[in-house]
Amino acid sequence: MAFDTVFMQQSVKDFPKTVARGVGQVMFQDNMWTGILFLAGIFWGAYAEGFPLVAWGGLVGMLVSTLTGYILRLPDQNGAQGLWGFNGVLVGCAFPTFLGNTVWMWLGMILCSALSTIARSGMDNVFSRWKVSSFTFPFVFCTWIFLLSSRLFISFPPEYMGSPEFAHGSHDTVSLAFGDLVVYWLRGISQIFLIKSWVCGAFFLAGLAVSSWRAAMWGAISSAIALFIALVWGGPQTDIANGMYGFSAVLTGIALGATFCNFSWRSAIWTVCGIISTVFVQAAMNAFFAPMGLPTLTGPFCVTTWMFLLPAYKFLQPKPAK
């Protein structure tokens, strides 16, 4: 009983920090202030774009997934670092983005957020054998399950999901003025949380800079490279303008360039190759899932980053702290 009392008191004391860090961990940042800036950006962008439920959904998902970690008594270190919550906040942002606003959508979102914490614990047990993380794949996998089920459940309407159809090229055009390109570049960062707002992207870059200049640098570079590659290869212009080819590449860039690799010219080249590859993996997965009308979410980031970390070359190992 004494242990439970101490555990509960410590949990209540640390809960705000744990929740804030959970938002920052979406981009690998164990920093409370980064999480607060990310959350501010989410609310700004969601309200500016006329979808406030995305922000509130993210908040609910983050709280539910974090509380699930406490209830299940998962390793305390993971909780302190915010690792219980980052998949849940993405689940919470995704559900209102793709599904109609019903009571059943919110109940499904709560269930999926809790499930993402459980799935992460299990997936990391498997992936740890190869010394890699499950990243955001628990969010991707659990959300795919619920989005696919919405095609059959009447009370779970796929109101904002794409229509199932075979993928095809697009001949639409968008402005390539410098100011517009900056907007597309920042949207590539904001879309990590499924928000199309250049201001939101600026918030995210500021949040990264508070925690790590390397993460901020690679986040900015990754979105720029992804935008350039998608434009040169003639991707769907509207998707490019909305940042849809940038967000997974940004996560790949931060993972390889600022989190899991040492800081050297070899790892920098490796990171750039990973960023470019993510754009093509994104396009391929978009085409693959189009007949199901299913979004790829951050799946391209997970697939590409695994592909670039699993070789376990020596220069991929971070240098030990002095």
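FYI, it's all coordinate maths here, none of it is from the lab. Note that the coordinates shown come from a computational prediction; the quantities given were computed from them, not determined experimentally. With ideal geometry, Cβ positions are generated from the backbone for all residues, glycine too; neighbour counts draw on all protein chains shown.
Measuring between their Cα centroids, region 197-225 and region 137-168 lie 29 Å from each other. Working from label points 7 Å from Cα in the Cα-to-Cβ sense, the PHE15 to ASP180 distance is 4.8 nm. Considering only alpha-carbon pairs that sit under 8 angstrom and 6 or more positions apart, the relative contact order computed for region 178-316 is 23 percent. Rounded, prolate or oblate: which fits the chain, taking a ≥ b ≥ c as square roots of the Cα gyration tensor eigenvalues, rounded meaning a/c under 1.5, else prolate when a/b beats b/c? Oblate. Comparing PRO138, PRO291, PRO52, which has the greatest mean-square fluctuation in the GNM of the chain with Cα pairs linked when under 10 Å apart? It is PRO291. In this rough spin-label picture, where each label sits 7 Å from Cα along the Cβ direction, the PHE153-CYS273 distance is 4.3 nm. In plain terms, the residue of ILE110, ILE195 with the fewest other Cβ atoms within 10 Å comes first and the most crowded comes last, giving ILE110, ILE195. The ellipsoid equivalent to the alpha-carbon distribution of region 119-273 has semi-axes of 27, 25, 15 angstrom, derived from the gyration tensor eigenvalues as √(5λ) and listed largest first. Charging the Cβ of each Asp and Glu at -1 and of each Lys and Arg at +1, and nothing else, the dipole of the chain about its Cα centre rounds to 940 debye.
Connecting C-alpha atoms closer than 10 Å in a GNM of the chain, tell me which of ALA209, ALA241, ALA255 has the biggest fluctuation. Maximum fluctuation in the GNM of the chain, among the listed residues, is at ALA209.
So for the chain, taking the charge dipole from beta-carbon charges (+1 Lys/Arg, -1 Asp/Glu), which of ASN101, GLY169, PRO138 sits furthest toward the positive end? The listed residue farthest towards the positive side: PRO138.
Let's see if you can work this out: charge +1 on each Lys and Arg Cβ, -1 on each Asp and Glu Cβ, no other charges. What is the dipole magnitude of region 128-194 about its Cα centre, in debye to the nearest 20?
Here region 128-194 has a charge dipole of around 460 debye.
Aspartates and glutamates within cross-link reach of LYS314: Cα-Cα under 19 Å, excluding same-chain residues under 8 positions apart? Within the straight-line limit of under 19 Å, LYS314 reaches no aspartates and glutamates at all. Cα extents for region 13-149 along the principal axes, largest to smallest and rounded to whole angstrom: 42, 35, 25. Residues of region 189-229 with an amide N closer than 17 Å to a point placed 7 Å from the Cα of MET307 along the Cα-to-Cβ direction: 226-227, 229. Approximating the spin labels as points 7 Å out from Cα along Cα→Cβ, the GLU49-to-TRP104 distance works out to 2.6 nm.
Can you give the helix-only mean residue ellipticity at 222 nm for the chain, where every DSSP H stretch with n ≥ 4 adds -39500 (n - 2.57) and the sum goes over all residues, rounded to the nearest 500 deg cm²/dmol?
Numbers: 14 runs with 216 residues, N = 322.
Using -39500 (n - 2.57) per qualifying helix, the result is -22000 deg cm²/dmol.
Can you compute the charge dipole magnitude of region 34-182 about its Cα centre, using +1 on each Lys and Arg Cβ and -1 on each Asp and Glu Cβ, nothing else charged? Give it in debye, rounded to the nearest 20. It works out to roughly 580 debye. When you restrict to C-alpha pairs under 8 Å that are six or more residues apart and normalise by the size of the chain, the relative contact order lands at 18 percent.
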